[in-house]
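Contents: one structure, followed by commentary.
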Amino acid sequence: MNVLLTGGMGYIGSHVAVVLLQAGHRVILYDNLCNSEASVLARIEQITGKTPTFIQADIRATKTLTDALKQHAVEAVMHFAGLKAVGESVEKPIEYYANNVEGTVSLLEAMRETGVRSLVFSGSATVYGEPQYLPLDEAHPLSATNPYGRTKLHIEEMLRDLSVSNPLWRIVCLRYFNPVGAHESGLIGENPVGIPNNLMPYIARVAAGELKELSVFGNDYPTPDGTGVRDYIHVMDLAEGHVAALAWLAEHPGWYAINLGTGQGYSVLDMVATFVRACGRDLPYRIVPRRAGDVAACYADPGKALRELGWRARRDLLEMCASAWKFQNRTGTGLLGSDCEGRLS
Ligand code: NAD
Ligand code: UFG
């Protein structure tokens, strides 16, 4: 199948591109590189031995997008492009609505114009808001607590309206829990600019000596060790879930929401201990007050993904940490050849 990936040069999109190429699909990456680097293309080629098409452009350039869909005879779109930093979205809501919501409207116009009707959307567990029960299934009430979350919620609603307006649309919103880790080659992974907001890239940089210590945001939550619990999912499992969703959509017109998580929650201190095992180094940390807006625990009921897509996550927390560490060593301070290589093979 010819599949266009908006935001395909980013963290999740690049891993999905690898799995799609390896499954024999043709891949067109469409990205303005506002949060990724051109070198990702060569790394995807190095891993797969295949060359995806790359178009450097903004999803809001509707004409360029329409031309790309036509020129490459695109049959399905995976929509990753978007801004994703919660804190930044509070400071710059207009940028978030313009990029995420307006960008999606532009994409949908281009798809309508060209008759491309299959769409896999990068949703987020953030649309569940404060959990009212756990594990979170897809029927859990939806809400948003910040502008980023509201863009995700608006887009889901927009996509549902679209499917009601025309039964030819096939749309699946994949609600990701906490994607972490990297491809086992260590060639692609998550490489945030500046000081990371998220736990795993922060830990990786502390382990590499680039940051002094991890701040653990609160140890007084009602969780087994008092620190926040999340459903971390290996990015390669997540990527495989996208390929399963693409195949499934061929038989399923309409609008769907499906969780992509493991169903297993781990605490911040579990993550620290597992990363120490993966990298063989000390990981200094300090308990500090809770971070505003954080919930105590959040993890998925992944049953629908298994029932519908026949997909479930297979990789464990150690593989997540070891792959993140390998990627850190390849791209970070040049500590190549650390002992994590052996753990991944
Ligand atoms: P990322 O920033 O690494 O990738 C997004 C890519 O989109 C980047 O390469 C960026 O350059 C591109 N992009 C952004 N705006 C664009 C625009 N207007 N036109 C063209 N390209 C544009 O982020 P990611 O972690 O790979 O996330 C991908 C998607 O998954 C996002 O929509 C994000 O909201 C969603 N998501 C991510 C997480 C997570 O923890 N990483 C969790 C839930 C949902
Ligand atoms: N944490 C720390 N120290 C840090 C960073 C995080 O203790 O330096 C803790 C947090 O308090 C939380 C856990 O580590 O308990 C995970 O935090 P992340 O920032 O890695 O992830 P979140 O669960 O807060 O949020 C992520 C994405 C959101 C998305 C959500 C659900 O950043 O965009 O997962 O998918 F909405």
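The values are calculated or read from the model by the stated rules, or taken from the named source; none is laboratory data. Remember, predicted model here, so these are calculated numbers, not experimental data. Cβ: placed from backbone, ideal geometry, glycine included. Neighbour counts: every protein chain shown. Protein only, heavy atoms only, side chains kept; ligands, DNA and RNA dropped before computing areas. Shrake-Rupley method; radii C 1.70, N 1.55, O 1.52, S 1.80 Å.
Annotations
- For S106: the one exception among (1) more than 9 Å from ligand 1 (Cβ to nearest atom); (2) at pLDDT 95 or above: (1)
- Scanning segment 189-209 for residues that are of a type outside the set (D, E, K, R), assigned to a loop (DSSP other than H, G, I, E, B) and within 16 Å of ligand 1 (Cβ to nearest atom) yields G189, N191, P192, V193, G194, I195, P196, N197, N198.
- A Cβ distance below 6 Å, combined with a sequence gap of six or more or placement on separate chains, defines the contacts here; from segment 62-87, residues that are over 22 Å from R170 (Cβ atoms) reach residues that are outside any loop (DSSP other than H, G, I, E, B) in the pairs L83/Y96; L83/N99; V86/Y148.
- For segment 38-56, the criterion of being surrounded by fewer than 22 Cβ atoms within 10 Å (Cβ to Cβ), farther than 29 Å from H183 by Cβ and either away from ligand 2 (no atom under 16 Å from the Cβ) or at pLDDT 95 or above (or both) is satisfied by no residue at all.
- Where a residue in segment 224-237 is farther than 27 Å from S14 by Cβ and its partner, wherever it lies, is of a type in the set (K, R), with Cβ under 9 Å and at least six apart: G228/R290; G228/R291
- Subset of segment 88-126 that is more than 26 Å from L136 (Cβ to Cβ), acidic (D, E) and within 16 Å of ligand 2 (Cβ to nearest atom) - its residue that is most open to solvent (accessible area, probe 1.4 Å): E91
Residues checked against (1) touching a residue at least 24 places away in the same chain (Cβ under 8 Å); (2) part of a helix (DSSP H, G or I); (3) not aliphatic (A, V, I, L, M):
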| position | (1), (2), (3) |
| --- | --- |
| P141 | no, no, yes |
| T145 | yes, no, yes |
| Y148 | yes, yes, yes |
| K152 | yes, yes, yes |
| I155 | yes, yes, no |
| M158 | yes, yes, no |
| S163 | yes, yes, yes |
| R175 | yes, no, yes |
| P179 | yes, no, yes |
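- Qualifying residue in segment 293-302 (condition: modelled with pLDDT under 95, surrounded by fewer than 21 Cβ atoms within 10 Å (Cβ to Cβ) and charged (D, E, K, R)): yes
- Residue in segment 284-300 that is within 29 Å of I44 (Cα to Cα), within 14 Å of ligand 2 (Cβ to nearest atom) and without any contact (Cβ under 8 Å) to a residue 60 or more places away in the chain present: no
- Only one of the listed residues (V193, V216, V180, V164) is open to solvent by 50 Å² or more (accessible area, probe 1.4 Å) and closer than 30 Å to C279 by Cα. That residue is V193.
- Within segment 57-87, the set of residues being open to solvent by 30 Å² or more (accessible area, probe 1.4 Å) and touching a Pro at 6+ places or on another chain (Cβ under 9 Å) comprises V86 only.
- The number of residues in segment 93-133 being of a type in the set (S, T, N, Q) and outside any helix (DSSP H, G or I) comes to 4.
- Scanning segment 134-158 for residues that are open to solvent by less than 60 Å² (accessible area, probe 1.4 Å) and within 13 Å of ligand 1 (Cβ to nearest atom) yields A144, N146, P147, Y148, G149, T151, K152, L153, I155, E156.
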